[in-house]
Amino acid sequence: MTRTTPESASHPRAPTIPARGRALRLHAYGGPETVSIDSVETPVPGPGQVLIQVKAAGVNGLDWKAREGYVRDAFPLVLPVTLGLELAGVVLQAEAGVGHLRPGDRVMGPLAGFGAYADFVAVDAGKLCLVPDGLSDVEAAALPVASLTAWQLLEATGVALPGRRVLIHGAAGGVGGFAVQFAKSAGATVFATASARSRAHVLHLGADEVIDYAAGRFEEKVGDIDVVVDLIGGDVPDRSWSVLGPSGVMISTTTPDIAARTLPGRRGIWFVNRPNASRLHEIAEAVASGRLKSAIAETVGFGELPAAIERNRTGHAPGKIVVDLGR
């Protein structure tokens, strides 16, 4: 069965919306075997929402962390749940209260939750912005989570960055790459940890020094840091306290209990990004014009998505992995 958009009654070329589509869903906590591509009902958008045909979606570390149950306390889930945090696509249907988006618009944005790995998604229109003409769907899907997280977490530290020393762990990833660029453009001296193969890429983004995390301990090579950005987790936050200078701050996207692990005289902040459509559009325009760099590690098809999420966990080339739902 299919349904048509409200516009179709007066517009014979309006798209017919399939009643079902694909979704990558998590059924239990564990490894790659716990996710599957299922047939699900196409959602019906509510007031203030639009129905999106997803063209591409970005892969993020939170996908596998949620899969393995590492963040189940911070992000309680009712299983099965469709994974995916960000998307780019086309508006198929706009409901009451949506004035700035119309069917046919190319849009992008974060969901502020899971659900992007699906053919059709109902999204609050306020979370979305138009895709600049210079960006493809794949390029657009790589931006929402990475760029907004990087921008917002640096703001959340409350530190004026000109003349400060910033250490970014995981600088070759999507968030890390934007954090390097934003911190450098704000006037900070930027230190970064990355693999040897990513060194040239991170230097190209503007880092002043890149530390190969496999060649030695970063805490033996850098110190007196004003801001540590932790995008890695594990033992990295605990090891990073020693490199912070007086009144230094560490902000983490990976460690929900960072405040409880904070040493006396330091600050630890757990950060979760939030939608900001106007800021995202500004960043997307900067990427489209070449003023900001966005790296895509690889583009995969929908059937390759479970393996791509696992590669995000184990390591991949610099930048974001993006799934192209048309492949």
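The values are calculated or read from the model by the stated rules, or taken from the named source; none is laboratory data. Remember, predicted model here, so these are calculated numbers, not experimental data. Ideal geometry is used to build each Cβ from the backbone, glycine not excepted, and the neighbour counts take in all protein chains shown. In case anyone asks, the SASA skips ligands and DNA or RNA and just uses the protein heavy atoms, side chains included. Shrake-Rupley method; radii C 1.70, N 1.55, O 1.52, S 1.80 Å.
Observations on the structure shown:
- Test result for V180, touching a residue at least 12 places away in the same chain (Cβ under 8 Å), part of a helix (DSSP H, G or I), buried (at least 24 other Cβ atoms within 10 Å of the Cβ) and touching a strand residue (DSSP E or B) at 6+ places or on another chain (Cβ under 8 Å): yes
This table checks each residue for (1) touching a residue at least 40 places away in the same chain (Cβ under 8 Å); (2) under 17 Å from A179 (Cβ atoms); (3) not in a strand (DSSP E or B).
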residue	(1), (2), (3)
I283	yes, yes, yes
R291	no, yes, yes
A297	no, yes, no
E310	yes, no, yes
V322	yes, no, no
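- Any hit, the range 239-253, residues being open to solvent by 20 Å² or more (accessible area, probe 1.4 Å), hydroxyl-bearing (S, T, Y) and in contact with a helix residue (DSSP H, G or I) (Cβ under 8 Å, 6 or more places away or on another chain): yes
- The residue that is nearest to G69 (Cα to Cα), among those in the range 31-55 that are assigned to a loop (DSSP other than H, G, I, E, B) and in contact with a Gly (Cβ under 8 Å, 6 or more places away or on another chain), is T42.
- Single residue of the range 26-57 satisfying the filter (without any contact (Cβ under 8 Å) to a residue 60 or more places away in the chain and open to solvent by 60 Å² or more (accessible area, probe 1.4 Å)) that is farthest from A122 (Cα to Cα): E33
- G174 vs. criteria modelled with pLDDT under 95 and either closer than 16 Å to L292 by Cα or surrounded by fewer than 17 Cβ atoms within 10 Å (Cβ to Cβ) (or both): yes
- Any chance V90 is farther than 30 Å from Y29 by Cβ, under 21 Å from the mean Cα position of the chain (by Cα) and either crowded, with 16+ Cβ neighbours inside 10 Å or touching a residue at least 12 places away in the same chain (Cβ under 8 Å) (or both): yes
- Picking from residues in the range 186-199 that are more than 21 Å from the chain's Cα centre (by Cα) and of a type in the set (G, A, S), the one that is most open to solvent (accessible area, probe 1.4 Å) is A196.
- Candidate set: the range 110-151, residues that are in a helix (DSSP H, G or I) and among the small types (G, A, S); chosen: the one nearest to G48 (Cα to Cα): A125
- Among residues of the range 94-119, those that are open to solvent by less than 30 Å² (accessible area, probe 1.4 Å), more than 15 Å from H281 (Cβ to Cβ) and at pLDDT 95 or above, counted: 6
- Verdict on A122 being modelled with pLDDT of 95 or more and crowded, with 21+ Cβ neighbours inside 10 Å: no
- Scanning the range 153-169 for residues that are in contact (Cβ under 8 Å) with a residue 12 or more places away in the chain, part of a helix (DSSP H, G or I) and open to solvent by 10 Å² or more (accessible area, probe 1.4 Å) turns up L154, A156.
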